[in-house]
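Input: a single structure, listed below in structure tokens.
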Amino acid sequence: MNNRTVATCAAAVLATAALTGCGSSGGSGSSGPVELTYWSWAPGMDKVVALWNEEHPDVKVTVKKQASGDDLVTKTITAAKAGEAPDLVQAEYQALPTLVGNDVLADISGEVGDAEREFAPGVWQQVTLGTDAVYALPQDSGPMMFFYREDLFEEYGLTVPTTWEEFAETARALKEKAPEKALTTFSSNDAGLFAGLAQQAGARWWTTEGQKWKVAIDDAATRKVADFWGSLVKEGAIDNQPMYTPAWNKALNTGKQIAWVSAVWAPGTLTTAAPDTQGKWAMAPLPQWEKGANVTGSWGGSTTAVTNDSEHKEAAAEFATWLNTDPEALAALVRESGVYPAAQAAQTGDALKEAPEFFSGQTDFHERAAKIAEGTAPAAWGPNVNVAYSSFKDAFGAAAKKRSDFGAALRTVHETTVADLEKQGFEVAK
Amino acid sequence: MTRRTPAASAPRATRAARKGHGERRAPHLFLLPAVALFLLFFALPIGYALYLSLRSVRVQGLGLGSGARREVWAGLSNYADALTDPELASGALRVLGYGLIVVPVMLGLALVFALMLDADRVRGRSVARLGIFLPYAVPGVIAALLWGFLYLPDVSPFHFVLAEAGLPRPDLLDGGPLYGALANIAVWGGTGFNMIVIYTSLRAIPPEIHEAARLDGCSQVQIALRIKIPMVAPSLVLTFFFSVIATLQVFSEPTTLKPLTNGVSTTWSPLMKVYQDAFVKGDVHAAAAGAVVIAVVTLVLSFGFLKAVGSRTRQGESR
């Protein structure tokens, strides 16, 4: 039991936040090798970096393992306020505008040379934020796909949906044949999934108009996606419980849910969530809004960025370029960290020749994945993605729970996001 | 009860006679570490939080690149926002509902357990005491996870048994039952601590008083109601005080259960709202204002309660 006052707690938390990240600045001093610190959450990153350190005795990179996602964004911004940000930091695409807005990331357009041609335009545009600057190098991407239990689809006589209309029919058909099962669930605890689905439908949530931001979360494309999932949840064709819970793991492992709309990294998640189903899954392109199209959204994916606090920006940019474009580095990233590299050459290269162990039946897994990735729709991120995402969790969580109108939830997210921008002093185009 | 005697004045007189130069400085020197620590780790952080709560960040243009964000004085606007925020208010209401379950149940159980352990002719007293106390040693996050898994319909053994028996299976992580589910975690974890506090003060009651009551023909229940409970009233007040503060600060249980259900929002309790502001929105200024508001409410409620109780006992004494 804690009987200190809240103020002490809050103050202590704030103070701690300000203190974290101490001792992370790159070593200075003219003698000896340049020392760089790199905050990353990718597993096995230290082994990839070891390759660099072997070949470059004059630039030594040290990896500090971090928690992923939103936590690292806040931590990096806090560290940058104290002038203690690391030289290099792993950041998700949607966090870049927030980090740039807080003056954390350095423009490395002069240092990265012609790295641009290694990446798909839709990916590259996310690290430039549509400007002439380059704020990071793409590391991995998460083109979205449809994963399903091949054996159970056969057992229930279902065909793999190629359009969202067919997807809805498949869900209803399964409910009819096996009422206790569900095709999948609509989960509200990761807004990235919904954002990816909206991108596929053509949504561009944040764009700029001169010196104003334009927010279009409640646009026609996104509303189409929200209504589609909302009606499936409402009629009970799919489940409404969140992902990544023990119950969800069990549903996938026992075949209570027989499909998952996810991204290229899904095999890794399924390996831990549903270990008993190895070899029973297959991957297909994401269902399309228009028959015969090849469009997909992105869910996840991250970049390597250089911070303004770095005293060796040139060396740091050189390392970031090596890490994300050098064939040897990319092969190591695939092998050690299990990422799906953003560099196009690596997506069809030797490193990704073999299908993931969990999808051993699908020998052409990566060939198909690369083809799907070609159709990745562009994403448009703004300075308060975090606010939109947390509002999404609450609004869509409540709507999914009550099986109520998703359109209303979408309006809430839109309005919350606009109100936050205005409160911060941004000019928002109507 | 013992009466306060006037402070002993004799020793002070002799000390005053011997007061030298060094001795006048000595108390200040002895105080220095405590004062320094207080200033450094209590007053300064609170002062900083107050300062932050009066500032805010303004953005210019697109908010990209250097110099796009400036910190400015915001006056009391952060407080106005916090006080008019419907999310903070409904969070406070949720915590009130939660507290109305937790505090009476937890303290009631703690008192009953303490009285049972203190009764004559109890076997296995130390084992029982340890058993009731043990959950308190389980960290709050672990307790919440443990219970969360027991609540989740698809992995819960209770749900399995209910399903096998053909009975309806309530969703404990939603709507009204959610309050009970959260309260249960707090009661499970906190009863032992409060029981120990009450039990310790029960043991301090002189045995002659029991004996006298028994000779006068009191039953065990009457002894408990007429002798023991009035005599441990101060520790009941203390445990109530602690429990109210702990309830107002509820954070780790709902935060831990949040990923398991759509029923808990990211701003379920006021402290969760502060956490969201600080670490998800990255707005320390709004978070600081929210924290100050919660701190003031906590202070007013808890010290108001202590004052009310204090004046009542003083009245009782003078009667």
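Within region A:407-430, find all residues whose amide N lies under 20 Å from a label point positioned 7 Å from the Cα of A:Lys212 along Cα-to-beta-carbon. Hits in region A:407-430 for A:Lys212 at 20 Å: A:414-430. In this simple spin-label approximation, A:Ala178 and A:Glu311 carry label points 7 Å from Cα along the Cα→Cβ vector, and these lie 6.2 nm apart.
With a Förster radius of 30 Å applied to the C-beta separation of B:Arg70 and B:Leu37, the computed FRET efficiency comes to 0.30. What angle do you read, to the nearest 10 degrees and between 0 and 90, between the alpha-carbon axis of helix A:365-374 and the longest principal axis of chain A? It is inclined by approximately 80 degrees. The separation of region A:167-231 from region A:28-104, counted between C-alpha centres, amounts to 33 Å. Using only side-chain charges placed at the Cβ, +1 for Lys and Arg and -1 for Asp and Glu, the dipole size of region B:85-282 relative to its Cα centre rounds to 400 debye.
Each of the peptides B:100-110, A:87-97 was scored by the mean count of other Cβ atoms within 10 Å over its residues; in descending order, highest first, they stand as A:87-97, B:100-110.
In the protein assembly as shown, taking the dipole from charged Cβ atoms about the Cα centre, the farthest positive-side position among A:Thr304, A:Pro86, B:Ala278 is held by B:Ala278. Radius of gyration (Cα atoms) of region A:175-320, expressed as a multiple of 2.2 N^0.38 Å: 1.31. Treating r as the C-beta distance of A:Thr271 and B:Ser90 and R0 as 41 Å, the FRET efficiency rounds to 0.50. Placing +1 on the Cβ of every Lys and Arg and -1 on the Cβ of every Asp and Glu, with no other charges, gives the protein assembly as shown a dipole of roughly 5120 debye about its Cα centre. Modelled spin labels at A:Asp58 and B:Val300, positioned 7 Å past Cα toward Cβ, are 6.6 nm from each other. The spacing between region B:33-70 and region A:317-379, judged by their C-alpha centroids, is 44 Å. Which residue, A:Thr74, A:Ser231, A:Phe119, has the largest displacement toward the positive end of the dipole of the protein assembly as shown when charges sit on each Cβ (Lys, Arg +1; Asp, Glu -1)? The residue sitting farthest along the positive end of the dipole is A:Thr74. The overall shape of chain B is oblate: from the C-alpha gyration tensor, with semi-axes ordered a ≥ b ≥ c, the ratio a/c is 1.5 or greater and a/b is no larger than b/c. Helical runs assigned H by DSSP (4 residues or longer) give the protein assembly as shown a calculated mean residue ellipticity at 222 nm of -16500 deg cm²/dmol, each run adding -39500 (n - 2.57) before division by the residue total.
Distance between the pseudo-spin-label points of A:Ala293 and A:Asp350 (7 Å out from Cα toward the beta carbon): 3.9 nm. For B:Lys307 and B:Met231, a Förster radius of 22 Å and the Cβ-Cβ distance give a FRET efficiency of 0.50, rounded to the nearest 0.05. Positive end of the dipole of chain B (Cβ unit charges, origin at the Cα centre): among B:Val155, B:Phe251, B:Leu172, the Cα lying farthest that way belongs to B:Phe251. If you look for lysine pairs in chain B that are eight or more places apart or on different chains, how many of them have Cα atoms under 27 Å apart? Lysine pair count for chain B: 4. Evaluating 6.51 cos²θ - 1.76 cosθ + 1.60 at θ = phi - 60° for every residue in region A:203-219, the Karplus couplings come out as 6, 10, 5, 10, 9, 10, 10, x, 9, 10, 8, 10, 9, 10, 5, 9, 8 Hz, glycine and proline recorded as x. Can you give me the angle between helix A:45-55 and the longest principal axis of chain A, using Cα atoms only, in degrees from 0 to 90, rounded to the nearest 10? Once rounded, the angle reads 40 degrees. For chain A, a Gaussian network of Cα nodes joined below 10 Å ranks A:Asp405, A:Asp218, A:Asp71 by mean-square fluctuation, and the top entry is A:Asp71.
Bear in mind these aren't lab numbers, they're just calculated from the coordinates by the rules spelled out. Keep in mind it's a predicted model, so treat the numbers as computed, not measured. Virtual Cβ from ideal backbone geometry, glycine too; neighbours counted across all protein chains shown.
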